[in-house]
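Some notes on the structure that comes next.
Derivation of every value follows stated rules applied to the coordinates shown; laboratory data play no part. These numbers come from a predicted model, not from an experiment. Ideal geometry is used to build each Cβ from the backbone, glycine not excepted, and the neighbour counts take in all protein chains shown.
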Amino acid sequence: MDKVFSLSEMDRIMRNAGAQRVGEDASIKLGEIVEDSGKELISKASFLAKYAGRKTILKKDILLAAKQLKAAPI
């Protein structure tokens, strides 16, 4: 499977969050986690748009999906 996010993008995100040094394996793992979380978020947002009778996912669908996923027990 191809990577959706480049290692340099993941490295930059971690450095902007305060990391001084970032290992390649950490960049790879962060990319995998972001991709998986994004897929889950989009799936939920898609459901919300369809429930509202729309084919288009709107900003409000993304925000509501994110809020619902945060509230979900882990």
Select, from Met14, Met10, the only residue that is in contact with a Leu (Cβ under 9 Å, 6 or more places away or on another chain), in contact (Cβ under 8 Å) with a residue 24 or more places away in the chain and over 22 Å from Leu63 (Cα atoms). Met10
Take the range 40-58 and flag every residue that is of a type in the set (A, V, I, L, M, F, W, C) and under 18 Å from Ala71 (Cα atoms). Leu41, Ile42, Ala45, Phe47, Leu48
Consider Ile42 carefully, then state whether it is of a type in the set (Val, Ile, Thr) and surrounded by 12 or more Cβ atoms within 10 Å (Cβ to Cβ). yes
I'm trying to understand the selection: among the residues of the range 18-39, which are under 22 Å from Lys67 (Cβ atoms) and loosely packed, with under 12 Cβ neighbours inside 10 Å? Ile33, Asp36, Lys39
